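Below: one structure, written as structure tokens.
The values are calculated or read from the model by the stated rules, or taken from the named source; none is laboratory data. What you see is a predicted model; the values in this text were computed from it and never measured. Only protein heavy atoms, including side chains, enter the accessible area calculation; ligands, DNA and RNA are left aside. Shrake-Rupley method; radii C 1.70, N 1.55, O 1.52, S 1.80 Å.
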Amino acid sequence: AWTTDYTTSGFTSVSAGAIAYYKGLFYFGVQPAVGDTAIVYERSTAAVYTARDTATGTASDVTGLIVFKDVLYACFGHYSGAGTANVIRKTTDGTTWSTAATLGTEDNIAEFNKAGNKLFVLVSGTTVAGYSTTDGSTWVAFAVTVTAAESAFGVFAASGTGSSFGATNSFVVLQGGTALQILNQAGTLVTLTMPTGVTLDASRPPRFAVF
């Protein structure tokens, strides 16, 4: 049976954005309505919830939380339209946070995950931009070309040694228009051949299952 552990307050409307387990505690981020500020909360072992980090502006979402090389990272993406930067925040103790990177001016961070010894970010909007880092400090941009930028919401579906899923090769699966594509760790985008009679609907956001 499920019980209510915590209820947020002070938002016009809000949904859960991301969750992570870090150094024995749970963290979760929220996606509030436009005009409210996104927050990362920490749950103590006594079930006390504390706001640990907030976005620098309104119209933002916590689109991802991930532990990479013993550091907790949070994505503060923005749905306020192109021209607004997306911010990656980090902490080594859950209490003190700093900005790790300011990436792109597209609409929002679509994907945030680790593969091999790298942390990857895809920023999607009217264009799509990709970034990777091995240390959380230096971020390298790589080109991503899709036929429908708003459809570039995929999933990091496999990984190598030391990364998140434990398969052989590291890659990202994403949908670009009606095409199904993979983005490998080198940043190479490859369009996959769909089975006969199978097509993708470019008007619907994709949802992928990982097996």
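What area, in nm² and to one decimal, does the C-alpha convex hull of segment 1-48 cast on average over all directions?
3.9 nm²
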Whenever you get a sec, line up Ser15, Ser9, Ser44 from highest to lowest accessible area (probe 1.4 Å, protein heavy atoms). Ser9, Ser15, Ser44
